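Input: a single structure, listed below in structure tokens.
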Amino acid sequence: QVQLVESGGGLVQPGGSLRLSCQAINSLFTMNRMGWYRQAPGKQRELVATITNRKSTNYADSVKGRFTISRHNTNNTVYLEMNSLKPEDTAVYYCNWHYSSYDFWGQGTQVTVSS
């Protein structure tokens, strides 16, 4: 069982920045993919960004050029640097750990972009 501990959400004004962190506890498989997904009220959960253990990244078109995903393999931590935030970025952000047929999710952290 992989436990994901998230932090860094909050309230920010449009145009502002936030940084999310997620540490994977008991991550036994090093060749994993970690990432962030989000779910806004009344909408389905959607991909934000993912990063493999070899640092290959993938972004949703809506966040390209504004968000940056990174990771430290030594401490199994993934980060999401979010800049130029928009009200439509408001959602609960979930950390994901994926390997083969295994998927684990964090508890979610709220990001609210509002003036």
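The values are calculated or read from the model by the stated rules, or taken from the named source; none is laboratory data. Since this is a predicted model, take the numbers as computed values, not measurements. Ideal geometry is used to build each Cβ from the backbone, glycine not excepted, and the neighbour counts take in all protein chains shown. To get the accessible areas, we keep the full protein, side chains included, count just its heavy atoms, and leave off ligands, DNA and RNA. Shrake-Rupley method; radii C 1.70, N 1.55, O 1.52, S 1.80 Å.
So here's what we get for this one:
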item: Filtered residues of segment 19-73 (kept if modelled with pLDDT of 95 or more, of a type in the set (A, V, I, L, M) and over 15 Å from TYR94 (Cα atoms)); result: VAL63
item: Of all residues in segment 65-104 being of a type in the set (Gly, Ala, Ser) and in contact with a strand residue (DSSP E or B) (Cβ under 8 Å, 6 or more places away or on another chain), the one that is surrounded by the fewest Cβ atoms within 10 Å (Cβ to Cβ); result: SER70
item: Check on THR52, open to solvent by 70 Å² or more (accessible area, probe 1.4 Å) and either of a type in the set (Phe, Trp, Tyr) or within 16 Å of LEU28 (Cα to Cα) (or both); result: no
item: Residue in segment 65-74 that is within 19 Å of TRP105 (Cα to Cα) and assigned to a loop (DSSP other than H, G, I, E, B) present; result: no
item: Search result, residues across segment 105-115 that are open to solvent by 40 Å² or more (accessible area, probe 1.4 Å), under 18 Å from ARG45 (Cα atoms) and polar (S, T, N, Q); result: GLN107, GLN110, THR112
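Each row is one residue, and each column tells you yes or no for (1) without any contact (Cβ under 8 Å) to a residue 60 or more places away in the chain; (2) of a type in the set (Gly, Ala, Ser).
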position	(1), (2)
SER17	no, yes
ARG33	no, no
PRO41	yes, no
GLN44	yes, no
THR57	yes, no
TYR79	no, no
